[in-house]
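Since the structure comes first, as structure tokens, the remarks are kept for the end.
The values are calculated or read from the model by the stated rules, or taken from the named source; none is laboratory data. Everything numeric here is computed off the predicted structure, so don't read it as measured data. Cβ atoms come from the backbone with ideal geometry, glycine included; neighbour counts cover every protein chain shown. Surface accessibility is based on the protein's heavy atoms, side chains included, excluding ligands, DNA and RNA. Shrake-Rupley method; radii C 1.70, N 1.55, O 1.52, S 1.80 Å.
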Amino acid sequence: MQIITKSQDETYKFGKDLASHFRGGDILLLIGELGAGKTTLMKGLAAGFGVENEVTSPTFTLMNHYKTQQTIIKNLVHIDTYRLKDEYELKDIGVEDYLCEPDSLCVIEWPEKIVGLLKNKKTFNITIEHLGENKRKITMV
Ligand SMILES: Nc1ncnc2c1ncn2[C@@H]1O[C@H](COP(=O)(O)OP(=O)(O)O)[C@@H](O)[C@H]1O
Ligand SMILES: [Mg+2]
């Protein structure tokens, strides 16, 4: 599946509409350069799950955790490995308590850094490409 968005709001809405398509235990990888729109899409996704807290980029915290308004996927976990040294650092903060747990959806920015942790796990992959100042190509496989 592929769409072109022409504004931040369109990417947000794409994320929001996506929320109903996941099952508990799913892992979503967000792939794209800095400023592609990964966090924007995640904010929309969180809105789709009824998350009430403000969603901020976990660039420094590595992992943010939100309660949803749903009964099956209760936790939305947002991981950003941009500043991660190695995957042991993520293990230290308990990522494996959430990864693939049936009541959680994990969304990972910069998954390239933690291929070991994701090995043998089925993932949904979204790639966001920068086409112009406000134009992005979003591909989901
Ligand atoms: N079509 C678009 N989709 C998403 N973001 C866009 C778009 N057009 C412009 N932007 C801007 O690009 C930036 C994306 O930032 P962010 O979502 O934090 O990216 P990332 O998490 O990939 O580094 C924001 O400043 C946003 O306003
Ligand atoms: Mg980001």
Does any residue of segment 72-80 turn out to be more than 12 Å from ligand 1 (Cβ to nearest atom), without any contact (Cβ under 8 Å) to a residue 24 or more places away in the chain, buried (at least 16 other Cβ atoms within 10 Å of the Cβ) and of a type in the set (S, T, N, Q)? no
Name the residue, out of I128, I114, that is open to solvent by less than 10 Å² (accessible area, probe 1.4 Å) and either of a type in the set (S, T, N, Q) or assigned to a helix (DSSP H, G or I) (or both). I114
List pairs: first in segment 35-47 and farther than 16 Å from Q70 by Cβ and open to solvent by 30 Å² or more (accessible area, probe 1.4 Å), second part of a helix (DSSP H, G or I) and near ligand 1 (Cβ under 6 Å from one of its atoms), Cβ under 6 Å, 6+ apart or cross-chain? T40/Q8; T40/T11
Among what's in segment 22-34 and is open to solvent by 80 Å² or more (accessible area, probe 1.4 Å) and touching a strand residue (DSSP E or B) at 6+ places or on another chain (Cβ under 9 Å), pick the residue that is farthest from ligand 1 (Cβ to nearest atom). R23
From L29, L34, grab the single residue that is outside any helix (DSSP H, G or I) and in contact with a helix residue (DSSP H, G or I) (Cβ under 7 Å, 6 or more places away or on another chain). L29
Scan of segment 38-63 for residues that are under 11 Å from the mean Cα position of the chain (by Cα) and either part of a loop (DSSP other than H, G, I, E, B) or within 13 Å of ligand 1 (Cβ to nearest atom) (or both), ordered by number: K38, T39, T40, L41, M42, K43, G44, L45, A46, S57, P58
